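Below is one structure; the comments refer to it alone.
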Amino acid sequence: MERPMIRHTALAFAASLALAGPAVADDKLTILLEWFVNPDHAPLVVANELGLFEEVGLEIELLPPADPSIVPRAVASGQAEIGVHYQPNLYLDNEAGVPLVRFGTLVETPLNTLTVLDDGPIEDLADLAGKRIGFSVSGFEDMILSTMLTSAGVDPADVEFVNVNFALTASLIGGKVEATIGGFRNFELMQMRLEGREGRAFFPEDHGVPIYDELIFVTRAELVSDDRLVRFLEAVEKGAIYLTNHPEKSWELFIRAYPELDDALNRQAWVDTMPRFAKRPAALDAGRYERFGQFLADAGLIETAPALNEIAVELK
């Protein structure tokens with residue numbers, strides 16, 4: 001009597017599966033980061049730890065790049081669906097024939113700074129005439145620096161630019177330069193303090209450079225209509241709101257995922273970055289993008305400012 005009963009139960013179970021339809025696995029998305037994981041990526045990490053991507057049927061992979069310079073071309077060529085990128089570089093990529101489209105914002109304020117020693121010889125930007133300024137990446141940072149110097153009445157030709165690779169803090173503390181451009185205000189100042197020196201930052205947006213989004217989400221044009229991107233931003237928004245409301249709980253989630261980042265530098269960076277995350281990551285400030293494109297064109301970094309719809313969209 002047991003065998004027919006078991007068979008009947010098995011048939012009923014199979015029928016229920018058929019009526020329910022096949023199980024649907026979460027849609028996968030690879031997000032290529034602009035750098036190693038750090039507090040700048042908090043909304044992504046927190047959303048993932050809370051299961052918010054899973055709630056919208058997504059499985060994400062946060063992938064730090066072996067070489068940060070590959071991000072735009074890797075996304076454009078289909079090696080990742082999403083890239084974390086910089087708004088200023090979006091225009092330079094477009095000019096170079098790398099077609100990327102911004103569809104969301106991660107960090108909605110500039111982070112770049114011109115940094116000096118607090119007890120050093122530079123009191124204001126005018127004091128930089130005849131001084132040495134260290135940089136890591138030429139191009140956009142040169143243009144930022146030139147704009148800032150010009151706003152203070154300093155001819156950029158009167159300043160010595162020194163390529164210090166990525167040793168911005170070390171070159172400043174070591175006296176190789178009197179200032180650096182390219183350090184982030186939520187990291188380098190704390191790094192200097194931990195090394196026993198205080199720094200002071202001049203912000204580009206206070207000295208002639210239009211406000212821009214520091215970190216944005218980009219994809220290739222053919223994926224703009226992919227509904228996975230809408231769901232992705234929905235989860236990121238919930239993550240950003242959660243960490244705004246619960247910063248300490250969010251920090252615990254973050255270091256649970258990346259315990260190697262549990263140190264004084266990253267804890268302070270967490271606090272300093274918190275107010276800079278986009279609370280409406282899908283929202284697009286068209287005027288901000290158009291102004292910045294024209295700024296780059298006027299500075300000669302790009303030939304012409306691209307039409308907004310070529311480089312940015314607001315998903316509905």
Flagged in the range 277-316 as under 12 Å from Leu92 (Cα atoms) and among the hydrophobic types (A, V, I, L, M, F, W, C), in numbering order, are Phe292, Leu296, Ala297, Leu301, Ile302, Ala305, Ile311
In the set Gly120, Gly183, Gly139, the lone residue that is small (Gly, Ala, Ser), surrounded by 16 or more Cβ atoms within 10 Å (Cβ to Cβ) and under 26 Å from the mean Cα position of the chain (by Cα) is Gly183
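Of all residues being closer than 23 Å to Asn38 by Cβ and among the β-branched types (Val, Ile, Thr) in the range 204-217, which is surrounded by the most Cβ atoms within 10 Å (Cβ to Cβ)? Just the residue, please.
Taking the range 204-217 first, the residues closer than 23 Å to Asn38 by Cβ are 204-205, 211-217.
After this cut, where a residue has to be among the β-branched types (Val, Ile, Thr) as well, the list is 211, 216.
Numbers: Ile211: 15, Ile216: 28.
Result: Ile216.
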Q.
Looking for something open to solvent by 10 Å² or more (accessible area, probe 1.4 Å), modelled with pLDDT under 95 and in contact with a Leu (Cβ under 6 Å, 6 or more places away or on another chain) - is there at least one such residue anywhere in the range 17-38?
A. yes
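Conditions (1) out of contact with any strand residue (DSSP E or B) (no Cβ under 9 Å at 6 or more places or on another chain); (2) part of a helix (DSSP H, G or I); (3) among the aromatic types (Phe, Trp, Tyr), marked per residue:
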{"residue": "Ser171", "(1), (2), (3)": "no, yes, no"}
{"residue": "Thr180", "(1), (2), (3)": "no, no, no"}
{"residue": "Gly183", "(1), (2), (3)": "no, no, no"}
{"residue": "Lys238", "(1), (2), (3)": "yes, yes, no"}
{"residue": "Tyr242", "(1), (2), (3)": "yes, yes, yes"}
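Of the residues Arg220, Arg231, which is buried (at least 16 other Cβ atoms within 10 Å of the Cβ), within 29 Å of Pro43 (Cα to Cα) and touching a Phe, Trp or Tyr at 6+ places or on another chain (Cβ under 9 Å)?
On the way: Arg220 fails: touching a Phe, Trp or Tyr at 6+ places or on another chain (Cβ under 9 Å).
Exactly one residue qualifies, and that residue is Arg231.
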Scanning the range 264-315 residue by residue, those under 28 Å from Pro39 (Cα atoms), assigned to a loop (DSSP other than H, G, I, E, B) and not hydrophobic (A, V, I, L, M, F, W, C) turn out to be Lys279, Arg280, Pro281, Asp285, Glu314
Glu248 fails exactly one of (1) open to solvent by 60 Å² or more (accessible area, probe 1.4 Å); (2) farther than 22 Å from Phe187 by Cβ; (3) part of a helix (DSSP H, G or I), namely (2)
- Quick one: is Ala201 in the same structural domain as Met148 (by the TED database), open to solvent by 10 Å² or more (accessible area, probe 1.4 Å) and in a helix (DSSP H, G or I)? no
Can you find a residue that is open to solvent by less than 40 Å² (accessible area, probe 1.4 Å), touching a residue at least 60 places away in the same chain (Cβ under 8 Å) and in contact with a strand residue (DSSP E or B) (Cβ under 9 Å, 6 or more places away or on another chain) anywhere in the range 158-168? no
If we keep only residues of the range 49-76 that are touching a residue at least 60 places away in the same chain (Cβ under 8 Å) and among the small types (Gly, Ala, Ser), then the residue surrounded by the most Cβ atoms within 10 Å (Cβ to Cβ) is Ala76
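Within the range 274-315, can you find the residues that are open to solvent by 80 Å² or more (accessible area, probe 1.4 Å) and touching a residue at least 12 places away in the same chain (Cβ under 8 Å)?
Kept after step one, since they are open to solvent by 80 Å² or more (accessible area, probe 1.4 Å), are these residues of the range 274-315: 275, 280, 290-291, 294, 298, 303-304, 309-310.
Scanning the range 274-315 gives Arg280, Glu290, Arg291, Glu303, Glu310.
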Residues in the range 78-96 that are in contact (Cβ under 8 Å) with a residue 24 or more places away in the chain, over 20 Å from Asp27 (Cα atoms) and open to solvent by 40 Å² or more (accessible area, probe 1.4 Å) total 5
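The values are calculated or read from the model by the stated rules, or taken from the named source; none is laboratory data. Predicted model only: the values in this text are computed from it and were never measured. Heads up, the Cβs are rebuilt from the backbone with ideal geometry, glycines too, and the neighbour counts pull from every protein chain shown. Keep in mind that these areas ignore ligands, DNA and RNA; they rest on the heavy atoms of the full protein, side chains included. Shrake-Rupley method; radii C 1.70, N 1.55, O 1.52, S 1.80 Å.
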